[in-house]
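To start, the structure itself, in C-alpha cells.
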Amino acid sequence: MLDITKRIELINALLKQDTEESLTYAALECRLTLEYLCYERFKLYFPYLSKSDLSTWKPKHIIKQISEQIDHNVSKEFSVSISAEKINGRSPATKEEYESIAYTSLGTQSELKLRKLDKLYNSLARVALHIPVPSISSGDINIYGKKEIIRKKVEDVISFLSDIKGNLLMGGSFGEELSFNCLACDTKLKRPIKNLQDRTVLSCINPNCVESYLIEKKNNSFEIIRKVIKFSCSGCGEELVVPARNFQELRFEDRLDICCGNCDVKSKVIMRPQLITPNS
Ligand SMILES: [Zn+2]
Ligand SMILES: [Zn+2]
C-alpha cells in the first residue's frame, strides 16, 4: 500500500526548492501518486478484470469500471473487523447474534474521491506538464508553466492526499459469482452475477492468453461461449478456429498467418473492409 506520508514529504521538498523546474517535477510526482492510488486498487481486482477489458487506462475510469462491473466498494470507505467468537459452541446465525459478539478491528479503507482526483489529475497536466500549442496571439513559447499556478495545484493535491487516512485496501466482491476456467490456459475467471449484463464479454485474465468469452444470460442461467472466428484451411479444408482477440489489434491491410495443425499449410488472413448488402 502506498505510503502517502512519504509522497507528501517528497512533494513538499520540491515545493520548498521553489524553482520552475522543481515545481514542474512536483506536479509530475503528484500525478504519479494519483495514478498509483487508482492502480493499487485495480491490482486487487485482477482475478475479475483483464487489462484487455479495460475501456481506458485513465485512473478514474478504471476505478469507475471496477465499481460498475465488479464491486462498488472499490472507492468507498469502510472498516473491516473479524471475530472467531462462538455462540454456544457454534457460529452466529442471525444478525442479532453477529452483533452480539466481540470483534477485532483490522483497519479502514479510505474513500477515493474520484471526481476530485480526476479534476486534479487533469489540471496538473494542463498547468505544468504540457506546453500549450502556440497560436498567433500567444506570444513566446515557454518550457515551464506559471510558477504560482503550478504551486496552487500541487498544494491542492497535497490537501487531497492528506485526507486519505485509511490503512487497508480490500478487493473482491460479496454475493454469488459466476466462475469458470479458461479453456486454453485453465486460469479461473469470475464475475459477480449481480453485475452481469445480458451479454458480457470477458477476456482471460492471464496476460499471455488471448481467449475471451461471451457470457449470455438465458432465463436464470448463463451460457459461456468461447469467442472465436472460424476459417477453412486453404490446404485441406479443415476448420481453423482462431481466438477473436487475435484480430482486435489488427489494422487495415494487416495480415495474420494461421498454420493448420492438420496439414501444416499457412493461410493468410488480411484485414480489409467488407461491404455487406441487405440480402447477403
Ligand atoms: Zn486463458
Ligand atoms: Zn490444413
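Tabulated values for the structure
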quantity: Whole-angstrom gap from segment 114-152 to segment 197-262, using each part's C-alpha centre; calculated: 44 Å
quantity: Sparse-neighbour loop sites [GluC sites (Glu not before Pro); segment 32-120; at most 16 other C-beta within 10 Å; DSSP]; calculated: Glu77, Glu85, Glu111
quantity: Contact order normalised by residue count of segment 185-280, Cα under 8 Å, 6+ apart, percent; calculated: 17 percent
quantity: Two-site label geometry, Glu155 and Ile141: point separation in nm, points 7 Å out along Cα→Cβ; calculated: 3.2 nm
quantity: Of Lys43/Lys190; Lys116/Lys153; Lys116/Lys147; Lys43/Lys64, those spanning more than 18 Å from alpha-carbon to alpha-carbon; calculated: Lys116/Lys147
quantity: Rg/Rh for segment 150-280, where both radii come from Cα atoms and Rh is the Kirkwood radius; calculated: 1.16
quantity: Förster-model FRET efficiency, 45 Å R0, Leu32 and Phe231, C-beta, rounded to 0.05; calculated: 0.50
quantity: For the chain, built as a Gaussian network whose Cα springs stay under 10 Å, the top-fluctuating residue of Lys190, Lys86, Lys230; calculated: Lys86
quantity: At R0 = 51 Å, FRET efficiency that the Cβ-Cβ distance of Ala184 and Leu275 yields, to 0.05; calculated: 0.95
quantity: Estimated [θ] at 222 nm from DSSP helical runs (n ≥ 4, -39500 (n - 2.57)) normalised by residues in the chain, nearest 500; calculated: -9500 deg cm²/dmol
quantity: For Phe78, residues with placed amide H under 5 Å, excluding near neighbours; calculated: Gln109
quantity: Per residue solvent-accessible surface (Å²) - segment 177-226, probe of 1.4 Å; calculated: 58 Å²
quantity: Mean Kyte hydropathy of 1.6 or more with a Cα span along the axis of at least 18 Å, helices from DSSP in the chain; calculated: none
quantity: Cα extents of the chain along the three principal axes, largest first (Å); calculated: 80, 73, 37
quantity: Mean projected area (nm²) of the alpha-carbon convex hull when segment 9-90 is viewed from all directions; calculated: 8.9 nm²
quantity: Gyration tensor verdict on segment 32-160 (Cα atoms; rounded if a/c is under 1.5, prolate if a/b is larger than b/c, oblate otherwise); calculated: prolate
quantity: Potential extension, Trp57-His72 segment - 0.36 nm per residue separation minus Cα distance; calculated: 3.5 nm
quantity: Placed amide H near Val228: partners under 5 Å, 5+ positions off or other chain; calculated: Ala244
quantity: Point-to-point label distance, Lys86-Tyr98, nm (Cα→Cβ direction, 7 Å offset); calculated: 2.0 nm
quantity: As computed over segment 177-226, the Cα convex hull volume per residue (Å³); calculated: 66 Å³
quantity: Chymotrypsin sites (Phe, Trp or Tyr not before Pro) restricted to DSSP loop in segment 149-201 with at most 16 other C-beta within 10 Å; calculated: Phe174
quantity: Förster-model FRET efficiency, 51 Å R0, Cys259 and Ser221, C-beta, rounded to 0.05; calculated: 0.90
quantity: Spatial extent of segment 229-270: Rg and Dmax, with the Cα atoms as the point set, Å; calculated: 10.3, 29
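The values are calculated or read from the model by the stated rules, or taken from the named source; none is laboratory data. In this text the structure is predicted, and so the values were computed from the model without any measurement. Cβ atoms come from the backbone with ideal geometry, glycine included; neighbour counts cover every protein chain shown. Note: areas computed on protein heavy atoms with side chains; ligands, DNA, RNA excluded. Shrake-Rupley method; radii C 1.70, N 1.55, O 1.52, S 1.80 Å.
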